[in-house]
Structure formats: C-alpha cells, structure tokens
Amino acid sequence: MLAIYRRAVQAVTQVQGGTGLWHQLLDKTDSYLETSASAMFTFAIARGVNRGWLAPTYAPVAQTGWQAVARRVRQDGQIEGICVSTTAAYDAVYYYNRPTDLKAMQGYGPVLMAGAEVITMLRNFDIEKSVNTYHYRARVAR
Amino acid sequence: MRLERFGQLTTFGMAALVVAAVVAGSTAQQQATKPVAPAASIEKTGRADPSFAQPSLAPGVDYTVPAEADIKLVLDRVRDHFVTNTPYRIIDTLTVQQCSRSTGVRCRR
C-alpha cells in the first residue's frame, strides 16, 4: 500500500501546476485548475509527511497546494473551482467541459481536511527558507 | 476499451485514490502527536521578496508559508458558510415529528 501511495505522490507532484493547483486532467495543462482534487492531493501529501511515510521534501508541495486551495475559498466561505460530479467517460473532451459549481459539496470536505493536515505539518516541522525555497526539518522533542 | 476508459480518470478520481490509500494507511498507523508550539513566524515574502532573482511569480501565486491562524480563518469561513446555510430541523425522537413553535413545548421532556 505504501509503495503504491509513494509512487502516486511522486507522479502527482510532477504535474502540480505553477499556481500550486492541479489540472482537471492531470497532464493536460490547458484543462482548468480543479480545487477539490488539489485539496485531496494536498491532504494526502501533508498526511504522508506528518506520518513519516514521505520525505519532508514533499512538504513544500503540500504547502504550495494549500496556499493555492485557500485562494479558492471565497470570503463567504464558498469554494470555487470544484468540478461537479463526474462519471467515467471515454474521451478527454467530456472532462475538459465538466463545469465547476459552488454547490459541489464533495469538494468541501477535502479542503477542510487539507487545511487541518497542513496545520499539523506546520506544528511538526521547523521551516527554513534558504535559496528562495523552503526546507522542512522535523522538530526534535525538547 | 476498458483501458482507455481507465486512462481518462479525472484528477478527482486520481486524488480520491490517493486519499483512499492514505486513509487506509492511517488506520494501521496512528500517530502519537504531541502538541508542539507553532513554527516561529516566518517572514511572508512572496512576490514582494526583493531577494527573488528568479523570474517573478505569476499573479495570484502565494509562495509563502501559511500561518496557522490564516489557515484557521479559511477553515472557519467554510464552517460558517455551512452553519449559516444548512437548514436544520428539531425532531422529537419519540414521535419522529418535527418540532415547531406550536409543538415546541410538547417536545420538551
């Protein structure tokens, strides 16, 4: 299970977009940036770092993922960019054209889970910024 | 055809798989978390960081460490949205009838 999980995270990390979000179709950069899956990836990576299943080098992936997801949460608490429920189709065009909806509730839980897990990550690690990027180091119990 | 169909799994589907793996793994390994003081405040830099010699970040990209308080504010906004927008009913568990202003008194036991 862990091996599959690590391979999936490694692959997902490689296709994170420049905003921190992931695309509706992972390897199609002209597909829109989707919030709920981004939140799930963020949660999964932060959880893995927190539990020691992933190297701390993955922490900035979750960090940037969260920062991007958080921007999708409007002031009124509604979340933008969540794809509506989707079936399995045979063509990419279907997925390109699935709409997003503020009432797509399946995306709200992942956002809450991602935020909570990133909070745990911030508590578990000391973060050093050097050469313009972030380095997470596990805190030593004092 | 099955392979092609599988190949078209959306990002959401992939994410759901990863989350399922994490949740399944979580049951096997429970974390003993000790409350630790939050990280020392890290300077919020992002686009305004003068030390950024690389091409600047695109508009809307926040390359900073989030503060725990900021994350909580976001989560609170979502929670408040649910609290304000979720219709609720008070049900009498014995009669399974909805309490109303007129039946409210009778619902008290």
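Computed from the coordinates by the stated procedures, all read-outs in this text should not be read as laboratory data. Computed from a predicted model, the values in this text were never measured in an experiment. Cβ: placed from backbone, ideal geometry, glycine included. Neighbour counts: every protein chain shown.
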Mind listing whichever residues of region A:16-33 are more than 9 Å from chain B (Cβ to nearest Cβ) and surrounded by fewer than 20 Cβ atoms within 10 Å (Cβ to Cβ)? A:G17, A:D27, A:K28, A:T29, A:D30, A:Y32
Out of (1) within 16 Å of A:G109 (Cα to Cα); (2) facing chain B (nearest Cβ under 7 Å); (3) in a loop (DSSP other than H, G, I, E, B), the one A:W66 does not meet is (3)
Among (1) of a type in the set (S, T, Y); (2) outside any helix (DSSP H, G or I); (3) surrounded by 15 or more Cβ atoms within 10 Å (Cβ to Cβ); (4) more than 9 Å from chain B (Cβ to nearest Cβ), there is one condition A:T87 misses while meeting the rest; what is its number? (3)
Can you tell me which residues in region A:1-30 are more than 15 Å from A:T100 (Cα to Cα), part of a loop (DSSP other than H, G, I, E, B) and more than 13 Å from the chain's Cα centre (by Cα)? A:M1, A:D27, A:K28, A:T29, A:D30
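For region A:31-46, give me each residue that is over 20 Å from A:A138 (Cβ atoms) and either part of a helix (DSSP H, G or I) or out of contact with any Phe, Trp or Tyr (no Cβ under 6 Å at 6 or more places or on another chain) (or both).
The initial filter retains those residues of region A:31-46 that are over 20 Å from A:A138 (Cβ atoms), namely A:31-41.
If the condition is that a residue be over 20 Å from A:A138 (Cβ atoms) and either part of a helix (DSSP H, G or I) or out of contact with any Phe, Trp or Tyr (no Cβ under 6 Å at 6 or more places or on another chain) (or both), then A:Y32, A:L33, A:E34, A:T35, A:S36, A:A37, A:S38, A:A39, A:M40, A:F41 are the ones that fit.
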Taking the options A:G115, A:G107, name whichever one is among the small types (G, A, S), facing chain B (nearest Cβ under 7 Å), within 20 Å of A:G81 (Cβ to Cβ) and out of contact with any Gly (no Cβ under 6 Å at 6 or more places or on another chain). A:G115
List the residue pairs whose Cβ atoms are under 9 Å apart, where the first residue sits in region A:73-98 and is touching a residue at least 60 places away in the same chain (Cβ under 8 Å) and aliphatic (A, V, I, L, M), the second is surrounded by fewer than 19 Cβ atoms within 10 Å (Cβ to Cβ) and assigned to a loop (DSSP other than H, G, I, E, B), and the two are 6 or more positions apart or on different chains. A:A92/A:K28; A:A92/B:Q8
Mind listing just one residue for me: the one in region A:47-59 that is buried (at least 20 other Cβ atoms within 10 Å of the Cβ) and in contact (Cβ under 8 Å) with a residue 60 or more places away in the chain and, of those, farthest from A:A138 (Cα to Cα)? A:R47
